[in-house]
Amino acid sequence: MSDTGMVLEPGEKKKHYVQRMFNSIAHRYDFLNHFLSLGIDIVWRKKAIRKLDVSPDQQVLDLACGTADFALEIIRQKQCHVVGADIALRMLQFARQKTDDPKLRLMNADGEALPFKDDSFAGTTIAFGIRNMGNRIQALKEMYRVLQPNGQTVILEFSLPTFAPFRRIYLFYFKNILPMVGRMVSKDKEAYSYLPASVERFPTIEEFENELTLAGFKDLKHWRLLNGVAVIYKGKKLMTNEK
Ligand SMILES: C[S@@+](CC[C@H](N)C(=O)[O-])C[C@H]1O[C@@H](n2cnc3c(N)ncnc32)[C@H](O)[C@@H]1O
């Protein structure tokens, strides 16, 4: 634990810390997302979902769905049924206020122990959520378990820019300006300091792809967005007779 009380070490404490934090900032979450990213998060979500090959009326799980922006974009682009699962009830309440689309089912559930049978979904997705899991590998294993053979997972997550001069400017914004504005608007002392701290601790693309492999995913691909500020990852669950 850092001297601010922020919990970044993996485990149960982090899971509960994150759950409390998102419940506390839920009322300002959407506004701050779009404001602090100048709306780029909307473009990234659209791009990520374009990578998901699913057919209309298939079932998709959007884990850590929060206020459902990603889940609603999946419905918009793919016309499938989406289960949005999140551990923070307040985030789900804001999601519900946003839509009464019958294609979206919301569930208060922990991504590390999903209440679904094996092979339930044609696709599983998670946007800006995998970094926040108490036990990231366990959540990846769960996303793999509930995926049907031939199904796909698409993950959108922050990373760090690769071009050094841009990285320096970006880190100045990310570690100084963003936490200050986030604190003022959300009234949460830590949430927007947790964000850059957790991104800096997140594995590199290569390390994260090793974790995806460990969880069972095959045919891995990734796409860097804005010089690596965010990355889209895609993986498949092969049929049992495929290698
Ligand atoms: C940064 S928000 C992302 C929300 C949404 N996917 C989006 O793109 O805006 C991260 C979300 O992960 C959720 N979360 C964190 N740990 C979780 C867990 N163990 N199980 C389910 N959801 C979790 C939080 O409650 C929060 O809503």
Computed over the chain: longest principal axis from alpha-carbon atoms vs helix 40-50 long axis, angle to nearest 10 degrees, is 10
So the angle from the long Cα axis of helix 136-145 to the longest Cα principal axis of the chain, reported in degrees to the nearest 10, equals 20
For K98, counting only lysines whose alpha-carbon sits under 20 Å away and dropping same-chain residues fewer than eight positions off, the answer is K46, K78
Expressed in angstrom and rounded, the centroid-to-centroid distance over alpha carbons for the stretch 58-78 and the stretch 143-172 is 17
Output ordering of 122-129, 189-196 (per-residue mean of other Cβ within 10 Å, highest first) is 122-129, 189-196
Tilt, helix 191-201 to longest principal axis of the chain (alpha-carbon atoms), in degrees rounded to tens, equals 60
Computed ³J(HN,Hα) along the stretch 147-163: with the Karplus parameters 6.51/-1.76/1.60, θ = phi - 60°, integer Hz and x for glycine or proline, the list is 7, 6, x, 6, x, 10, 10, 10, 10, 10, 8, 5, 9, 10, x, 8, 6
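Rounded, prolate or oblate for the stretch 64-170? Axes are the square roots of the Cα gyration tensor eigenvalues, ordered a ≥ b ≥ c, and the cut-off for rounded is a/c under 1.5. Don't skip to the answer; put the middle values down first.
On the way: a/c = 1.68, a/b = 1.36, b/c = 1.24.
The shape class here is prolate.
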Descending packing, highest mean Cβ count within 10 Å first, for 82-93, 31-42 is 82-93, 31-42
Per the 1/(1 + (r/R0)^6) rule, R0 = 35 Å and r from the Cβ atoms of A197 and L238, FRET efficiency to 0.05 is 0.45
Cross-link reach from K218 to aspartates and glutamates, straight Cα distance under 17 Å and at least 8 residues apart if same chain, gives D53, D119, E142, E206, E207, E209, E242
Taking a ≥ b ≥ c as the square roots of the Cα gyration tensor eigenvalues, with a/c under 1.5 meaning rounded and otherwise prolate when a/b beats b/c or oblate if not, the stretch 87-240 comes out oblate
GNM of the chain, Cα pairs under 10 angstrom: of I49, I177, I25, the biggest fluctuation goes to I177
The answer for G151, listing residues at least 5 apart or on another chain whose modeled amide H is closer than 5 Å to its amide H, is K237
For the chain the mean separation of alpha carbon contacts under 8 Å (6+ apart) over residue count, i.e. relative contact order in percent, is 20
XL table K103/K141; K15/K175; K117/K187; K15/K234; Cα-Cα > 31 Å flagged, in table order, is K117/K187
Sorted by chain and then number, the residues having a modelled amide H within less than 5 Å of the amide H of V146, at least 5 places away or on another chain, are D119
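Here, each number is a calculation from the coordinates, and none is a lab measurement. Note that this is a predicted model, so its numbers are computed, not measured. Every residue, glycine among them, receives a Cβ derived from its backbone with ideal geometry; neighbour counts consider all protein chains shown.
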